[in-house]
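Student: A single structure is presented below for examination.
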Number of protein chains: 4
Amino acid sequence: MPTPVQPRAERMRAQLRDEIVQAAAEVFAERGYHRTAIADIAGRIGVGNSSIYAQFAGKRALFDAVIDDAMRGVMALLSADNAPATADTLEAYEGQVRRIATGFATALGEDPTVLRLLRTLLVESDGVDEELADRAAAFTDAAAQMTSAYLRHGVTRGYLRADLDVDATGRVVNAMVFAVALDLARQGATPEEAERTVDATLALFFTGVRG
Amino acid sequence: MPTPVQPRAERMRAQLRDEIVQAAAEVFAERGYHRTAIADIAGRIGVGNSSIYAQFAGKRALFDAVIDDAMRGVMALLSADNAPATADTLEAYEGQVRRIATGFATALGEDPTVLRLLRTLLVESDGVDEELADRAAAFTDAAAQMTSAYLRHGVTRGYLRADLDVDATGRVVNAMVFAVALDLARQGATPEEAERTVDATLALFFTGVRG
Amino acid sequence: MPTPVQPRAERMRAQLRDEIVQAAAEVFAERGYHRTAIADIAGRIGVGNSSIYAQFAGKRALFDAVIDDAMRGVMALLSADNAPATADTLEAYEGQVRRIATGFATALGEDPTVLRLLRTLLVESDGVDEELADRAAAFTDAAAQMTSAYLRHGVTRGYLRADLDVDATGRVVNAMVFAVALDLARQGATPEEAERTVDATLALFFTGVRG
Amino acid sequence: MPTPVQPRAERMRAQLRDEIVQAAAEVFAERGYHRTAIADIAGRIGVGNSSIYAQFAGKRALFDAVIDDAMRGVMALLSADNAPATADTLEAYEGQVRRIATGFATALGEDPTVLRLLRTLLVESDGVDEELADRAAAFTDAAAQMTSAYLRHGVTRGYLRADLDVDATGRVVNAMVFAVALDLARQGATPEEAERTVDATLALFFTGVRG
DNA sequence: GATGAATGAGTGTTCATTCAT
DNA sequence: GATGAATGAACACTCATTCAT
C-alpha cells in the first residue's frame with residue numbers, strides 16, 4: 001500500500017487554490033475587476049493576502065485563472081453532448097438549440113456567477129489590459145465560429161436558407177445570444193421573464209433562418 | 001436691449017465646459033473609465049485639474065455629463081425624423097429601419113467616439129457604480145421600449161406577425177443591435193465587414209418578424 | 001517692470017525640490033538606501049509622500065539626484081582651483097595635495113553628509129542596481145584617472161619617480177584616499193585623529209612617489 | 001569506548017549547517033545582503049526555509065555566521081605562517097609582505113567568494129544594522145592593528161623609518177589594501193591587471209616606509 | 001475665477017518568520 | 001527533527017480631490 005509522496009499537502013494546496021478561485025470568481029463577479037482588492041478575496045476565505053500570491057503570480061494571473069474556469073463552463077454548456085454535425089432536420093436542429101438554451105437558462109438560475117464573470121470579462125477587458133481584451137475577443141470569435149459551423153451544416157443539409165451568410169450571421173446570432181444572456185444575468189430575472197425572452201429569441205432566430 | 005448678466009463670463013464658462021466634456025469623451029472612449037485620470041483630460045485641453053472641479057463635482061459627475069451627451073446622440077440617431085407610428089407597410093418599415101441602420105453605420109464611420117463611449121458605458125458601468133449600472137440599464141430599457149413601440153405599431157398595422165411578443169422581442173432585437181454595434185466598434189471594422197454584418201442582421205430580423 | 005511668468009510657483013517648486021534632496025541626502029546617509037522609506041524623507045520635511053513623486057519619478061530617481069549632488073560636491077573638492085598641470089616642483093605639488101586634503105578634511109568636519117553619501121553610494125550600489133553599481137564604478141574610475149593625470153604631470157616635470165606606473169598607482173592612491181575618507185567619515189573622528197591620519201597618508205604617499 | 005550521544009544526528013546537523021553557510025555565502029556574495037532572500041538560500045541546497053531557522057535565529061544570524069567564516073579565512077590569509085616579529089631585515093619583511101600579497105591574489109583567483117563576502121560586509125554593513133557596522137569596524141580595526149604590529153616591529157628592528165606613525169600608518173595601509181582588494185574583486189580583473197596593481201601598491205608602500 | 005501644487009488614502013506585492021503536520 | 005504552507009507587516013507608487021495664491 002504505497003503512500004504517494006506528500007499527498008495531503010498537495011491536496012490541501014490544490015484545495016486552497018480552488019477556494020481562492022471560487023472566492024475570486026464571486027468577488028470579481030460582484031464588484032468587477034478594478035473595484036476588487038486582493039484583500040477582499042483573501043478576507044472572504046479567511047487567509048492572508050500572501051497565501052494568494054503563493055499560488056498566483058498576481059491579481060491579473062488570478063483573474064486569468066478565474067476566466068479560464070468560467071470559459072470552460074460556458075463552453076461546456078455551449079457544446080455539451082451536442083455537435084454541429086448532429087442535426088439532419090430543422091426539427092432536430094431546433095431541439096438541439098432548445099436543449100442548449102435550456103442548459104444556459106438552468107445554469108443561469110442555479111449559478112449566476114459564471115455569467116456575471118462572463119459579463120465582467122466581456123465588459124471590463126478593455127479597462128484592464130490589451131492582452132485581456134484580445135482574450136475576450138478570441139473567446140467571442142471562437143463562439144461565433146462554433147455557431148457558424150452549426151449554420152453551415154444546416155445549409156448543407158438543406159434545412160436552412162441556401163443564401164444564408166453563415167459567417168456574418170454566426171457573429172450576429174452569437175452577439176445576440178451573449179447580449180440576451182448578459183441582460184438576463186444583469187439582475188435576477190424571474191424564470192418567466194427568462195422563458196419569454198428565450199422564446200422570443202428562438203422565434204426570431206428560427207423563423208429568420210428558415211430556408 | 002437687455003444685456004444678460006456676465007454674458008462673456010458665462011459664455012466662456014459654457015465653452016470651457018463643452019471643451020472639457022469633448023476632451024473627456026475622447027479620453028474615456030480611448031482608455032475606458034478606470035484607466036482615465038483627471039489629469040489626462042485636463043492636460044489634453046491645457047487647463048489645470050481644478051478647472052474641471054470648478055465645473056463638475058468629480059470624475060463620476062464628469063462621466064455622467066459625457067454619457068448624457070452620448071446618449072442624446074444615440075437617441076437622435078435612433079429616432080431621427082422617424083417615429084414608431086410612421087410606417088404603414090412592411091416595405092416602408094424596412095426602409096425606415098435601413099435608414100436608421102445606415103445612420104448608425106455612417107456615424108460609426110465618421111465619429112467612433114460616441115459608440116466607443118456607449119461601449120464604455122454599457123461595459124464598464126458595473127465596475128464603477130451601482131447607480132451607473134442602473135443608468136445603463138435604464139438606457140437599454142428605454143431603447144428596448146422604443147423598439148417595442150415600432151414592433152407594436154407593425155403588429156397593429158398588420159405587417160408584422162400577429163403573435164409577436166413585442167416586449168420580449170423588442171428587448172432581444174435591441175440587445176442584438178447594441179451587441180453588433182459594439183462588436184463593430186471594437187476595432188476598425190472595414191466598411192465591407194460592416195456592410196455584411198448589417199445585411200445579415202437585417203435579414204435575420206426581417207424574415208424573422210414577418211407575419 | 002515685467003513680471004516673469006509664474007515666478008513664485010517655480011521658485012517654490014525648485015525650493016521644495018532642494019528641500020527634498022537635502023532631506024533625502026540626510027536620511028540616505030544615516031540609514032542607507034534600503035532602510036530608507038519614502039515616508040521617512042517626506043516626514044522629515046513635513047510633506048506628503050506624493051509631493052516627492054511630483055518631482056521625482058521614484059525612489060531610485062531621487063537617490064540618483066542625491067548622488068549627483070554629492071558627486072558634484074566631491075568633484076569640486078577634488079579639483080577646486082587646482083589643476084593637474086599646475087605644479088612644477090615637488091614642493092608645489094605637495095602644497096597642492098595638502099590644500100586638497102585640507103579641503104576634504106574641512107568639508108568632512110563641517111558637513112559629514114556628503115561623505116556618508118559617498119559611502120552609501122560606493123557601499124550599497126551593488127545591493128540596489130546594476131546601473132547604480134556602474135555609476136559608482138564610473139565615478140571611482142574618473143577620480144582615479146584624475147589622480148593619474150596629476151602623477152603623469154609630475155613624472156613629465158621630473159619631480160616624481162621616472163618608473164612610476166601612473167595608471168596603476170593612480171588607482172591605488174585613489175582607493176587609499178577614498179578608503180581613508182570613508183573610514184574617517186564612519187564615525188565622528190576627532191580633528192586630531194583626522195590630522196594624524198592625513199599626515200600619515202601624505203607621508204606614505206610622498207616619500208613613496210619621490211623620484 | 002564512549003559513544004557520543006546522537007552521533008549521527010549531530011554529524012548530520014553539523015553537515016547541514018555547513019551546507020547552509022556555504023550556500024548562504026555564495027548567494028550573499030552574488031546578490032548582497034538585501035537582495036538575498038532566505039528562500040534563495042534554502043532553494044539552492046534543496047531544503048525548506050524552516051530548516052534554516054532550525055539552525056539560525058534569522059537572516060541576520062545566518063549572515064553573522066557567514067561573515068565569521070569569511071573573516072576567519074581572511075585572517076588566515078593575513079597571518080598564515082607569518083608573524084609580526086618574524087622579519088629582521090627589510091628584505092625579509094618585503095618577502096613576507098609579498099608572500100601575503102601573493103596568498104591574497106591566489107585566493108582571489110581561486111575563490112572570489114570570500115572577497116566578495118568581505119566586500120558585502122564592508123559595503124553593506126551600514127545598510128543592515130548598527131551592530132553589523134560595528135562588527136565591520138572592529139574587523140578593520142583588528143586588521144589595522146595587526147598591520148601596525150608589523151610596522152612597529154620594523155621600526156624597533158631599525159629597517160623602517162624611525163619617525164613612522166605606526167598606528168595611523170597601519171590604518172592607512174590597511175585601508176589601502178582592502179580598497180585595492182575590493183576593487184580587484186569588483187569584476188574579474190585579469191591576472192595582469194592584478195599583478196600591476198599589486199606591484200604598484202607594494203612600490204608605494206615600501207619606498208614610502210623605508211627609513 | 002482659475003490655477004496647479006500638495007495631499008493621503010488605498011493597492012499590489014514581497015519576504016522574514018512561524019507553526020501545524 | 002524537518003518541512004513548506006501560511007502569515008502579516010511593510011513599502012513604493014497612483015490619483016481623485018482640495019486649497020492657498
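The values are calculated or read from the model by the stated rules, or taken from the named source; none is laboratory data. The structure displayed is predicted, hence computed values, not measured ones. Cβ sites come from the backbone with ideal geometry, for glycine too, and all protein chains shown count toward neighbours. Areas reflect the complete protein model, heavy atoms only, side chains present, ligands, DNA and RNA absent. Shrake-Rupley method; radii C 1.70, N 1.55, O 1.52, S 1.80 Å.
Student: Being away from DNA strand F (no atom under 16 Å from the Cβ), among the hydrophobic types (A, V, I, L, M, F, W, C) and farther than 30 Å from C:Arg157 by Cβ is true for just one of C:Ala101, C:Ala70. Which residue is that?
Tutor: Criteria check complete, one pass: C:Ala70.
Student: Is it fair to say D:Arg98 is more than 15 Å from DNA strand E (Cβ to nearest atom), among the basic types (Lys, Arg) and farther than 30 Å from C:His34 by Cβ?
Tutor: Criteria met by D:Arg98.
Student: Then there's this: I'd like the full set of residues that are surrounded by fewer than 22 Cβ atoms within 10 Å (Cβ to Cβ) and either within 10 Å of the chain's Cα centre (by Cα) or of a type in the set (D, E, K, R) (or both), limited to segment A:123-139.
Tutor: Of everything in segment A:123-139, those that are surrounded by fewer than 22 Cβ atoms within 10 Å (Cβ to Cβ) and either within 10 Å of the chain's Cα centre (by Cα) or of a type in the set (D, E, K, R) (or both) turn out to be A:Asp129, A:Glu130, A:Glu131, A:Asp134, A:Arg135, A:Phe139.
Every residue, every condition in (1) farther than 30 Å from B:Val198 by Cβ; (2) of a type in the set (S, T, N, Q); (3) surrounded by fewer than 16 Cβ atoms within 10 Å (Cβ to Cβ), yes or no:
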site: B:Ala37; (1), (2), (3): yes, no, yes
site: B:Val47; (1), (2), (3): yes, no, no
site: B:Phe56; (1), (2), (3): yes, no, no
site: B:Val74; (1), (2), (3): no, no, no
site: B:Tyr93; (1), (2), (3): no, no, no
site: B:Ala101; (1), (2), (3): no, no, no
site: B:Glu110; (1), (2), (3): no, no, yes
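Student: Which ones in segment A:152-163 are open to solvent by 20 Å² or more (accessible area, probe 1.4 Å) and of a type in the set (A, V, I, L, M)?
Tutor: Residues satisfying the conditions are A:Val155, A:Ala162.
Yes/no per residue for (1) touching a residue at least 60 places away in the same chain (Cβ under 8 Å); (2) out of contact with any Pro (no Cβ under 6 Å at 6 or more places or on another chain); (3) closer than 25 Å to C:Thr140 by Cα; (4) within 9 Å of chain C (Cβ to nearest Cβ):
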residue	(1), (2), (3), (4)
D:Ala101	yes, yes, yes, no
D:Pro112	yes, yes, yes, no
D:Tyr150	yes, no, no, no
D:His153	yes, no, no, no
D:Ala179	no, yes, yes, yes
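Student: For segment B:37-64, which residues satisfy the criterion of being away from DNA strand E (no atom under 16 Å from the Cβ) and closer than 15 Å to B:Thr113 by Cβ?
Tutor: B:Phe63, the sole residue that qualifies.
Student: Something else about it: Are there any pairs with C-beta distances below 6 angstrom linking a residue in segment D:11-34 that is without any contact (Cβ under 8 Å) to a residue 24 or more places away in the chain and within 13 Å of D:Phe63 (Cα to Cα) to a residue that is among the hydrophobic types (A, V, I, L, M, F, W, C) and part of a helix (DSSP H, G or I), with the two at least 6 apart or on different chains, and if so which?
Tutor: D:Ala23/D:Ile41; D:Val27/D:Ile41
Student: Can you pull out every residue in segment B:21-35 that is away from chain A (no Cβ under 14 Å), more than 13 Å from DNA strand F (Cβ to nearest atom) and crowded, with 17+ Cβ neighbours inside 10 Å?
Tutor: B:Val21, B:Ala23, B:Ala25, B:Glu26 - these are the residues of segment B:21-35 that are away from chain A (no Cβ under 14 Å), more than 13 Å from DNA strand F (Cβ to nearest atom) and crowded, with 17+ Cβ neighbours inside 10 Å.
Student: A further question follows. Residue by residue through segment C:43-63, note down the ones that are more than 9 Å from DNA strand F (Cβ to nearest atom) and not in a loop (DSSP other than H, G, I, E, B).
Tutor: Listed by number, the residues that qualify are C:Gly43, C:Arg44, C:Phe63.
Student: Name every residue in segment D:164-176 that is more than 21 Å from D:Gly95 (Cβ to Cβ) and open to solvent by 10 Å² or more (accessible area, probe 1.4 Å), in order of residue number.
Tutor: Listed by number, the residues that qualify are D:Asp165, D:Asp167, D:Arg171, D:Ala175.
Student: Exactly one condition in (1) more than 14 Å from chain C (Cβ to nearest Cβ); (2) within 16 Å of DNA strand E (Cβ to nearest atom); (3) more than 23 Å from D:Thr147 (Cα to Cα); (4) not in a loop (DSSP other than H, G, I, E, B) is not met by D:Ile67; state its number.
Tutor: Failing condition for D:Ile67: (3).
Student: Within segment B:93-103, is there a residue that is under 19 Å from B:Phe178 (Cβ atoms) and among the basic types (Lys, Arg)?
Tutor: Quick first cut of segment B:93-103, residues under 19 Å from B:Phe178 (Cβ atoms) only: B:96-103.
Next, from what is left, pick out any that are among the basic types (Lys, Arg): B:98-99.
Looking for residues that are under 19 Å from B:Phe178 (Cβ atoms) and among the basic types (Lys, Arg), one finds at least one in segment B:93-103, hence yes.
Student: Based on what the data block shows, is B:Leu90 in contact with a Phe, Trp or Tyr (Cβ under 6 Å, 6 or more places away or on another chain), in contact (Cβ under 8 Å) with a residue 12 or more places away in the chain, more than 14 Å from every other protein chain (Cβ to nearest Cβ) and within 16 Å of DNA strand F (Cβ to nearest atom)?
Tutor: Numbers: in contact with a Phe, Trp or Tyr (Cβ under 6 Å, 6 or more places away or on another chain): yes; in contact (Cβ under 8 Å) with a residue 12 or more places away in the chain: yes; more than 14 Å from every other protein chain (Cβ to nearest Cβ): yes; within 16 Å of DNA strand F (Cβ to nearest atom): no.
Against the criterion (in contact with a Phe, Trp or Tyr (Cβ under 6 Å, 6 or more places away or on another chain), in contact (Cβ under 8 Å) with a residue 12 or more places away in the chain, more than 14 Å from every other protein chain (Cβ to nearest Cβ) and within 16 Å of DNA strand F (Cβ to nearest atom)), B:Leu90 does not qualify.
Student: How many residues does segment C:182-193 contain that are under 20 Å from the mean Cα position of the chain (by Cα) and either at pLDDT 80 or above or of a type in the set (D, E, K, R) (or both)?
Tutor: Residues flagged as under 20 Å from the mean Cα position of the chain (by Cα) and either at pLDDT 80 or above or of a type in the set (D, E, K, R) (or both) within segment C:182-193 amount to 2.
Residue-wise test of (1) modelled with pLDDT of 90 or more; (2) in contact with a helix residue (DSSP H, G or I) (Cβ under 6 Å, 6 or more places away or on another chain).
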site: C:Ala24; (1), (2): yes, yes
site: C:Arg31; (1), (2): no, no
site: C:Asp40; (1), (2): yes, yes
site: C:Ile45; (1), (2): yes, yes
site: C:Ser51; (1), (2): yes, no
site: C:Ala57; (1), (2): yes, no
site: C:Ala65; (1), (2): yes, yes
site: C:Ala85; (1), (2): no, yes
site: C:Thr89; (1), (2): no, no
